[in-house]
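Presented below is the structure to which this report refers.
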Amino acid sequence: MHAALAAATADRPVPPPPLPGIDTVLDNGLRVVVVRTRVVPLVELRLIVPCGRLEPHDAARAELLAATLFHRPDAEEADGALADVGAELQAGTDARRLIVSGFALRDGLPVLLDACADAVLGYRCPPQALAQERARLAARLRVAWSHPAAAARAALQRHRFGEAYAALEIPDPTHLDGTGVEALRALHETAVRPAGSVLVLAGDLDPDRALALVTEALGHWPRGGTAARTPGPPPVRGGGLRLYDRPGAAQSQIRLTARALPRTDPAFPALQLADLVLGGYFASRLVTSLRERKSYAYGARSGIDSAPGSGTLVIETDTSAEHTVAALAEIRRVLRRFVQEPPSAAEITSARRYAIGSTATAMGAPGSLAMALANLIEVGVGPSWLHEQARRLHEVTERQVGELAVEFYDPAAFTGVVIADAAASGASPHRLSTPEWC
């Protein structure tokens, strides 16, 4: 089927000229993508550094590294320099990478790049600042993982990928105990490397001058060795659901998942349209059924989680305890009908318009454009992917969408978790554990 789709899209029209910019690799291995978009007099920065996690304690340490990356002995002076040019920098992390995000007024790009370089060239957080941030991070993590949505995400990761893989994403606050400056300095030295990293600049800038500034600020970032990469997630297999009992919970969280295609697959645009019709936007079948017809939930959504070389489908909704079983039955009915009655031409046209509009929105604002480009490069497609997406979506046929609906959305292909008050919801652990689950 994928070969047929590739053949059907072989004679493609020549794409329009890409956004003005540069895509190059510095001598130290840092990939630099610069895109000019003169929407506002700002420059947005996104630096994606592969920061692999191989052991459970790596998740908490990576979070602490991100939280303290810009803590310096001269922090007050550095913050003042950024403030003078309307700039801001912060760091975050996920299971695969360290993400540095920032922005500055157009003329403040040199200051922004110097501050970014200062952080990636060495770890210099003072011990007292580290101790304070470690305590704050531990408290934030405990609060975060007690939130129903976060707890549901953690339960889903454990169920579909296993405890060992899930531990690489879910930071355990106890793993922060005793993590000092030396441990984080060692992590910084081995993980924060230019080779394999991607720097994206987008905004009101001159690409050639911006590249020269990047080379001056980050060209001497030592190449070092190749950073470790988090292993890819195991494949998702269909089956029963797992019930997590939360006595006293007024709401239930339903999270279902199945395999999908990686973004690099030629059939991905067709799968994207199929997913939008199912539950990807306000006019989808799931929203219409669960919210408007049955009033089981305020909202429902489906989406595609993309990672390098893989993809997974996710369906999620929250419902009251008394509607849990009925909502599950309705989701299964919608999936079954989706296979038996694949998306119509009208549904695909509506989803296509929404997808193209969303892509145009992502390309419009410098911040969303910079992050979108960084994410796309990280999962294996180049900067031109976003620009060419509208053409790819236009080329998708009704038949292709229907074939993928049948291939990927059979209820038997899904597994997942339900977090609910078992007694109040009437959800039976034995019944949910069967492939029919409802």
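The values are calculated or read from the model by the stated rules, or taken from the named source; none is laboratory data. Quick caveat: nothing in here was measured; it's all calculated off a predicted structure. Cβ coordinates were reconstructed from backbone atoms using ideal geometry, including for glycine residues, and neighbour counts include every protein chain displayed. Heavy atoms of the whole protein, side chains included, go into the accessibility calculation; ligands, DNA and RNA do not. Shrake-Rupley method; radii C 1.70, N 1.55, O 1.52, S 1.80 Å.
Backbone geometry of the range 242-253 corresponds, through the Karplus equation with coefficients 6.51, -1.76 and 1.60 at θ = phi - 60°, to 3J(HN,Hα) couplings of 10, 9, 9, 6, 10, x, x, 6, 6, 10, 10, 9 Hz, x marking Gly and Pro. DSSP beta bridges fully contained in the chain are about 80 percent antiparallel.
Taking only the C-alpha atoms of the chain, Rg followed by Dmax gives 23.2, 64 Å. Averaging 1/r across all pairs of distinct Cα atoms in the range 75-170 and inverting the result yields a Kirkwood radius of 16.1 Å. Per-residue Karplus couplings for the range 185-193, computed as 6.51 cos²θ - 1.76 cosθ + 1.60 with θ equal to phi - 60°, are listed in order as 5, 5, 4, 4, 5, 8, 9, 8, 10 Hz, Gly and Pro entered as x. The ellipsoid that matches the Cα gyration tensor of the range 325-408 has semi-axes, each √(5λ) in whole angstrom, of 30, 16, 13, with the longest given first.
Please list log₁₀ I(q)/I(0) at q = 0.16, 0.23, 0.27 Å⁻¹ for the range 153-236, using the Debye equation with identical point scatterers on the alpha-carbon positions. Values, matching the q order: -0.90, -1.10, -1.25. Stokes-Einstein, applied to the Kirkwood radius of the range 134-175 over Cα pairs at a viscosity of 1.567 mPa s and 4 °C, places its translational diffusion at 122 µm² s⁻¹. For the chain, what % of the accessible area comes from carbon and sulfur atoms, probe 1.4 Å? Of the solvent-accessible surface of the chain, carbon and sulfur hold 54 percent.
In the chain, a dipole from Cβ-located charges (positive for Lys and Arg, negative for Asp and Glu) runs towards its positive end, and of 70, 174, 310 it is 310 whose Cα lies farthest in that direction.
Each Lys and Arg Cβ is given +1 and each Asp and Glu Cβ -1; about its Cα centre, the chain then shows a dipole of about 1260 debye. Across the options 210, 269, 220, the greatest Cα extent toward the positive end of the charge dipole of the range 203-303 (unit charges at beta carbon of Lys, Arg, Asp, Glu) belongs to 269. Counting Cα-Cα pairs of the range 361-438 in 10 Å increments starting at 0 gives whole-percent bin shares of 14, 24, 23, 23, 17, 0. Working note: Cα gyration tensor of the range 182-315, eigenvalues times five, square-rooted, sorted largest first, giving semi-axes of 41, 22, 17 Å. Centre-to-centre, using Cα atoms only, the range 115-141 and the range 333-358 are separated by 46 Å. Working ranking of peptides 311-323, 263-275, 28-40, 73-85 by packing, defined as the average number of other Cβ atoms within 10 Å per residue, highest first, is 263-275, 311-323, 28-40, 73-85. For the range 216-307, which chymotrypsin sites (Phe, Trp or Tyr not before Pro) are both in a DSSP coil and crowded by at most 14 other Cβ atoms within 10 Å? Hits after loop and neighbour filter: 282, 298. Ligands, DNA and RNA are left out, and with a 1.4 angstrom probe the accessible area of the chain is 43 Å² per residue. Close amide H partners of residue 242, meaning residues 5 or more places away or on another chain with modelled amide H under 5 Å apart, are 416, 417, 418. Below 11 angstrom from the Cβ of residue 341, what's the summed charge of the other residues (Lys, Arg +1; Asp, Glu -1)? Cβ neighbours under 11 Å give a net charge of +2. Counting charges near residue 378 (Lys, Arg +1; Asp, Glu -1) among other residues having Cβ under 9 Å from its Cβ returns a value of +2. Of the three principal axes defined by the Cα atoms of the range 188-259, the extents in descending order read 58, 34, 26 Å.
What FRET efficiency comes out for the pair residue 144/residue 294, r = Cβ-Cβ distance, R0 = 35 Å, nearest 0.05? Numbers along the way, then the final one.
Details: r = 31 Å, r/R0 = 0.89.
With R0 = 35 Å, the Cβ-Cβ based efficiency is 0.65.
Since only 25, 250, 125 are under comparison, the one whose Cα sits farthest along the positive direction of the charge dipole of the chain, derived from C-beta charges on Lys, Arg, Asp and Glu, is 250.
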